[in-house]
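Working notes, beginning with the structure itself.
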Amino acid sequence: MNMHSLDLNLLQTLDVLLVEQNVTRAAQRLNLSQPSVSAQLARLRVLFDDPLLLPGPRGMLPTARAEALREPLRLALEALERAVAPPAAFDPARAELTWRIAATDYMSSALILPALKLIREAAPRSRMAVFALNPPQVAQQLEKGELDMVFHTGDNAPPTLHQRRLFSERYVLAGRHDHPQLQQPLTLDRFCQLEFVMVSPDGGGFSAATDHALARLGRTRRVALSVPHFLFMLDTLANSDLVAVLPERLVRNAPQLRVLAPPLQIEGFDILMLWHERLHRDPAQQWLRQQIVAAL
């Protein structure tokens, strides 16, 4: 049998004929004329090289071939109906899913942590896997299904992905709460004399947005320590005289630190939520994105 020439309508007609075993009743159920169903039965007999249904005293009798087709045909049609049916409404309380999200440690703190309680309460059977953000790979990871969602800064976000801006972030200056140099507003001269710690996600970097802003004013600062993660930076600030220019949301609830506005204009950044077209209409993913937005 050539599957490419198989007519789904014929299989649906055969399924009803095997149930009704009567052309007239089958035609009524299919909302077709009796001659039309008879013509389809004739085509089915040629297709399967078998009479399929024979005249009987109370209708039609299925052949052995037809009896063998009955159950697998019904299961196949039911599976096809489920496959093409509209997606069911997402029920977070019953969902057993693993959400896969890529983010930096700062983004995890500013975005995932506020949403975690909402997600856990509404979807207690779900799990979440947070991966380190690798900007050059995010488009490919999302396309392959290795990730469901990515948090990314507004600059260099892959244009092929769906995106939603979550918030705009600004930079602040922070140091330990009793830092002797942070007890009063800073001048630019005193700012440049401080010793700084900074985060370099790629490792070993000593220049960032603050240095670009200072360079435009013909000034420099001293970066004494470069670390790969914000958590290490926060511990360093609380236990040394080093200071840092860092995103405000990271230190919004850090009583051990003193937070000041820097004495120069440092360009902030946007935080985006990115996802692939293949998950754009998925009810579960739509729900997850809504929880992230609601938590903010």
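The values are calculated or read from the model by the stated rules, or taken from the named source; none is laboratory data. From a predicted model like this one, the values you see are computed outputs, not experimental measurements. Backbone-built Cβ (ideal geometry, glycine too); neighbour counts: all protein chains shown. Only protein heavy atoms, including side chains, enter the accessible area calculation; ligands, DNA and RNA are left aside. Shrake-Rupley method; radii C 1.70, N 1.55, O 1.52, S 1.80 Å.
If you plug each phi of region 176-193 into the Karplus form 6.51 cos²θ - 1.76 cosθ + 1.60 with θ = phi - 60°, what whole-Hz ³J(HN,Hα) values come out, in order, with x for Gly and Pro?
Each residue's phi maps through the Karplus curve to give 4, 4, 9, 4, x, 8, 10, 7, 8, x, 9, 7, 5, 4, 5, 4, 5, 8 Hz.
Post the alpha-carbon centroid distance, region 233-287 to region 140-195, in whole angstrom.
Comparing the Cα centres of region 233-287 and region 140-195, I get a distance of 5 Å.
I need the fraction of alpha carbon pairs in region 1-134 separated by more than 24 Å, rounded to a whole percent.
Taking all Cα-Cα pairs of region 1-134, the fraction more than 24 Å apart is 53 percent.
Principal axis lengths of region 152-296 from Cα atoms, whole Å, largest first?
Projected onto its principal axes, the Cα set of region 152-296 covers 53, 33, 26 Å.
Write down Rg/Rh for region 157-228, rounded to two decimals, with Rg from the C-alpha atoms and Rh from the Kirkwood relation over Cα pairs.
Values: Rg = 15.6 Å, Rh = 14.7 Å.
Dividing the radius of gyration by the Kirkwood radius yields 1.06.
Just to confirm the number: angle between the C-alpha axis of helix 113-122 and the first principal axis of the chain, 0 to 90 degrees, nearest 10?
Helix 113-122 and the main axis of the chain meet at about 30 degrees.
In whole Å, what are the extents of region 74-211 along the principal axes defined by its C-alpha atoms, from largest to smallest?
So the three principal-axis extents are 81, 32, 23 Å.
Return a whole-number percent for the relative contact order of the chain, with Cα pairs under 8 Å and 6 or more residues apart as the contact set.
Numbers: 417 pairs, mean separation 62.1, N = 296.
Result for the chain is 21 percent.
Amide H neighbours of TRP99 under 5 Å, counting only residues 5+ apart in sequence or on other chains, H built in-plane at 1.01 Å?
The answer is ARG127, MET128, ALA129.
Return the carbon/sulfur percentage of the accessible area of region 33-184, one whole number, probe 1.4 Å, all protein chains in place. Mind dumping the intermediate values first?
On the way: 4870 of 8960 Å².
On region 33-184, the fraction of accessible area on carbon and sulfur atoms equals 54 percent.
Over all Cα pairs of region 38-113, how is the pair count split among 10 Å bins, expressed in % and running from 0 up to the last occupied bin?
With a bin width of 10 Å, the distribution comes to 13, 23, 20, 11, 13, 8, 9, 2.
Give me the percent of Cα-Cα pairs in region 60-155 that sit more than 22 Å apart, rounded to a whole number.
Details: 2496 of 4560 pairs.
In whole percent, the long-distance tail amounts to 55.
When the Kirkwood hydrodynamic radius is evaluated over all pairs of different C-alpha atoms of the chain, what value in angstrom, to one decimal, is obtained? Before the final figure, lay out each step's value.
Numbers: mean 1/r = 0.0406 Å⁻¹.
Mean inverse Cα-Cα distance, inverted, gives 24.6 Å.
Treating only the Cβ of Lys, Arg, Asp and Glu as charged (+1, +1, -1, -1), what charge dipole size does region 110-220 show about its Cα centre? Round to the nearest 20 debye. Show your work: numbers first, answer last.
Numbers: 12 positive and 11 negative charges, 74 e Å.
In total the dipole reaches around 360 debye.
Counting Lys and Arg as +1 and Asp and Glu as -1, what is the net charge of the other residues whose Cβ lies under 13 Å from the Cβ of SER240?
Residues close to SER240 contribute a combined charge of -3.
What is the dipole size for the chain, taken about its Cα centre, with +1 at each Lys and Arg Cβ and -1 at each Asp and Glu Cβ, in debye to the nearest 20? Let's see the in-between values first.
Numbers: 31 positive and 30 negative charges, 103 e Å.
Magnitude of the dipole: close to 500 debye.
Would you kindly derive the ³J(HN,Hα) couplings of region 69-85 from the backbone phi angles with the Karplus curve 6.51 cos²θ - 1.76 cosθ + 1.60 (θ = phi - 60°), listing them in order in whole Hz, with x for Gly and Pro?
7, 3, 5, x, 5, 4, 5, 5, 5, 5, 5, 5, 4, 5, 5, 9, 5
Once you keep just the Cα pairs under 8 angstrom separated by 6 or more residues, what percentage relative contact order results for region 50-201? Write out the running numbers ahead of the final one.
Values: 95 pairs, mean separation 27.3, N = 152.
For region 50-201, the relative contact order is 18 percent.
Just to confirm a number: summing +1 for Lys and Arg and -1 for Asp and Glu over residues other than LEU182 whose beta-carbon lies under 12 angstrom from that of LEU182, what do you get?
Working: positive: ARG176, ARG190, ARG258; negative: ASP178, ASP241.
That sum, taken over residues with Cβ under 12 Å, equals +1.
Normalise the Cα radius of gyration of region 227-296 by 2.2 N^0.38 Å (N = residues in it) and let me know the number.
1.57
How large is the accessible surface per residue of the chain, computed with a 1.4 Å probe and reported in Å² as a whole number?
Numbers: 16700 Å² over 296 residues.
Spelled out: the 1.4 Å probe surface of the chain, per residue, equals 56 Å².
Express the relative contact order of region 24-89 as a whole percentage, based on alpha carbon pairs under 8 Å and six or more residues apart in sequence. Please report the intermediate quantities before stating the final value.
Numbers: 25 pairs, mean separation 9.4, N = 66.
Reported as a whole number, the value is 14 percent.
Write out the GluC sites (Glu not before Pro) in region 245-283 meeting two conditions: DSSP loop, and at most 11 other Cβ atoms within 10 Å of their Cβ.
Values: sites: GLU248, GLU267, GLU277; in loops: GLU267.
Within region 245-283, the qualifying GluC sites (Glu not before Pro) (loop, at most 11 other Cβ atoms within 10 Å) are GLU267.
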